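Chemist: Encoded as structure tokens, here's the structure I'll be asking about.
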Amino acid sequence: MIKVLFLAAEAAPFVKVGGLGDVAGSLPLALRSLSQPIEIRQLLPLYPFLDIEKSMLDPIASVKVCVSGKEIAAEAFHLRRNGINLHFISGEPIANTNSVYSTDGYRDGRKFTFFSLAALELVKTLNWQPDILHAHDWHTSPAVYKLHLTRDQDPFFQTTKSLLTVHNLPYQGHGSERALAESRLPPAENSPLPDWAQHLPLPLGLLSAEKINTVSRGYAQEILTPAFGAGLEEFLQTRAEDIHGILNGLDMDHWDPGSDPTIFANFESGEFEKRQQNKLNLLEEMDLDVDPERPLLAMINRMDYQKGVDLVPPALRVLPEGDWQVLILGTGDPELEQQIRGLDQDLPQVRSVLRYDETLARWMYAGADMMIIPSRYEPCGLTQMIAMRYGCVPVARATGGLKDTIGDYDAEPVSQSTGFLFQEPSYSALATAMWRALEVYKDKRRWRGLQRRGMKKDFSWERSAREYCGLYNTMIETLKE
């Protein structure tokens, strides 16, 4: 039996802001379903806005966390869900917040440091000794660092190993330095970290964890380079042997075109006539030309420079004039939104919807022919997995999890191809990739092959969970040696 203490700032269905919430909501359940027994205790902050009835929570313990020389009470509550023991931690730094993340680095640092340290105190109070502390991103890195600092003096944690999962390296906890100091977590000394990183939660976690993993193999390699290392590449190169890439999974039940209740017509792999009905309905809803043969490109994206949204307007403007249409959904940076609006106004075959709309997103996955994913970097990405699951062929930048999951039509054997990749983060490279896709689209036999292969890909969490379990076992065996 492996005992895993699982810490994250968010987890679906209770609270979700981004991909971390998907991972922390799905991975523990997938780990529990494996044949090897794994006992997981998953801890979350008890935010005031948490999507849960407080009456469902049972109080189990109260612990103290020292902040600025004062002891602050942390109350812990329990909920058992799908065989997982969930513990929710409350306390003044958590209770006085109205969002998971804010622009106030000190306030967020105080909240998440308090949560991280309270988590360690809680398992001691419960006398539940973890084999693995599995922390995620900078928010729970203080727990990894605290474990490293005190393990030799604390027999309870002497055999506990730590794994830190990095979902997005540039987010390192800037602004939280004072919060660490107030919680008696000193800066690193004589370490290989760069000077500016000695006080930050994520670098300290990366310094202290026995193992590190990113959410794709591609991203694990990229963070060792200046282009993606966020200033930590030289340090990370010293830890290269301890860095692993494990691709995130996809909830195959939640994203299933065969049973999705929101789309116009359900379909399975190969049922292209049924899928076509979704395209026709989508075109009609969006006031586009209702022509089943005319290729429909889509983009579902946060309007963000990282996501490469700025590459799309000039790419479409230089794309050879042809019989194609585009639908864009997303919200974010006002300047990027304005660029998309301008594209919508100038090109009659373009429609943009600048808001968050999950129902429309599902219609687009089920009805569009191609999905544009121009990210400058993408640690993992779910858009391409969902698109392929729904028979929508991805056109994406070859980075991180995108290149790990998409087989390029011209670079791979045809039997392994599922989409189109481009290398340089430029609008001309994106335009060339879209043009390649449009050329293949003209041959329905080849296009149907791309769709079939994408829909049959195994992106299940079970695959990812097996890799995490293997990494846990490796860490435990290392301890025995």
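Chemist: Which number in (1) outside any helix (DSSP H, G or I); (2) over 13 Å from LEU206 (Cβ atoms) marks the one condition that ALA119 misses?
Modeler: Just one mismatch for ALA119, condition (1).
Chemist: Could you tell me how many of the residues in the stretch 376-398 are buried (at least 24 other Cβ atoms within 10 Å of the Cβ), outside any helix (DSSP H, G or I) and of a type outside the set (Phe, Trp, Tyr)?
Modeler: The number of residues fulfilling the criteria is 11.
Chemist: Please verify whether PRO170 is touching a residue at least 40 places away in the same chain (Cβ under 8 Å), within 25 Å of ASP22 (Cβ to Cβ) and either outside any helix (DSSP H, G or I) or not assigned by TED's automatic domain parsing to the domain that holds GLY109 (or both), treating the condition exactly as stated.
Modeler: Here the answer is yes, as PRO170 does meet what is asked.
Chemist: For the stretch 274-300, enumerate the residues that are in contact with a strand residue (DSSP E or B) (Cβ under 8 Å, 6 or more places away or on another chain) and more than 14 Å from MET370 (Cβ to Cβ).
Modeler: Listed by number, the residues that qualify are LEU283, MET286, ASP287, LEU288, ASP289.
Chemist: Given (1) closer than 25 Å to ASP323 by Cβ; (2) in contact (Cβ under 8 Å) with a residue 12 or more places away in the chain, identify the lone condition not met by LEU402.
Modeler: (1) is the only condition that LEU402 fails.
Chemist: Scan the stretch 226-242 and tell me whether some residue there is over 18 Å from ASN168 (Cα atoms) and either small (Gly, Ala, Ser) or modelled with pLDDT of 95 or more (or both).
Modeler: Checked against the condition, which is being over 18 Å from ASN168 (Cα atoms) and either small (Gly, Ala, Ser) or modelled with pLDDT of 95 or more (or both), the stretch 226-242 yields at least one hit.
Chemist: If you don't mind, another one. State whether one or more residues within the stretch 120-143 are within 23 Å of GLN42 (Cβ to Cβ), free of Cβ contacts under 8 Å to residues at least 60 places away in the same chain and in contact with a strand residue (DSSP E or B) (Cβ under 6 Å, 6 or more places away or on another chain).
Modeler: yes
Chemist: To continue, here is another question. Cβ-Cβ distance below 8 Å, separation of 6 or more or different chains: which pairs start in the stretch 19-41 with a residue that is not assigned by TED's automatic domain parsing to the domain that holds TYR171 and end on one that is part of a helix (DSSP H, G or I)?
Modeler: Note: no pairs meet the criteria.
Chemist: Kindly list, by first and then second residue, each pair from a residue in the stretch 185-197 that is in the same structural domain as GLY173 (by TED's automatic domain parsing) to a residue that is assigned to a loop (DSSP other than H, G, I, E, B), limited to pairs with Cβ atoms under 7 Å and residues at least 6 apart or on different chains.
Modeler: Within 7 Å, the pairs are PRO187/GLN198; PRO187/HIS199; ALA188/GLN198; SER191/GLN198; PRO192/THR238; PRO194/GLY231; ALA197/LEU232.
Chemist: For GLN325, only one of the following conditions fails: (1) under 30 Å from LEU247 (Cβ atoms); (2) surrounded by 21 or more Cβ atoms within 10 Å (Cβ to Cβ). What is its number?
Modeler: Condition not satisfied by GLN325: (1).
Chemist: Further question on the same structure: Do you know which of the residues in the stretch 141-164 that are more than 15 Å from GLU210 (Cα to Cα) and not acidic (Asp, Glu) is surrounded by the most Cβ atoms within 10 Å (Cβ to Cβ)?
Modeler: The residue in question is PHE156.
Chemist: Across the stretch 362-395, which residue is farthest from TYR171 (Cα to Cα) among those that are small (Gly, Ala, Ser) and within 17 Å of the chain's Cα centre (by Cα)? First the steps, then the outcome.
Modeler: We begin by selecting, within the stretch 362-395, every residue small (Gly, Ala, Ser); these are 366-368, 375, 381, 387, 391.
Subsequent filtering for residues that are within 17 Å of the chain's Cα centre (by Cα) retains 375, 381, 387.
Working: SER375: 17, GLY381: 16, ALA387: 27 Å.
Here the answer is ALA387.
Chemist: Among the residues of the stretch 125-149, what is the count of those that are out of contact with any helix residue (DSSP H, G or I) (no Cβ under 7 Å at 6 or more places or on another chain), more than 21 Å from ALA73 (Cα to Cα) and either at pLDDT below 95 or not in a helix (DSSP H, G or I) (or both)?
Modeler: Final tally of qualifying residues: 1.
Chemist: Can you tell me how many residues in the stretch 57-84 are among the polar types (S, T, N, Q) and modelled with pLDDT under 95?
Modeler: The initial filter retains those residues of the stretch 57-84 that are among the polar types (S, T, N, Q), namely 62, 68, 82.
If we keep only those that are modelled with pLDDT under 95 too, we end up with 68, 82.
The number of residues fulfilling the criteria is 2.
Chemist: Mind checking which helices (runs of 4 or more DSSP H) fall wholly inside the stretch 184-255 and carry at least 3 residues that are crowded, with 20+ Cβ neighbours inside 10 Å and not aromatic (Phe, Trp, Tyr)?
Modeler: It comes to 201-208, 217-222.
The values are calculated or read from the model by the stated rules, or taken from the named source; none is laboratory data. Predicted model only: the values in this text are computed from it and were never measured. All Cβ positions, glycine included, derive from the backbone under ideal geometry; neighbour counts span all protein chains shown.
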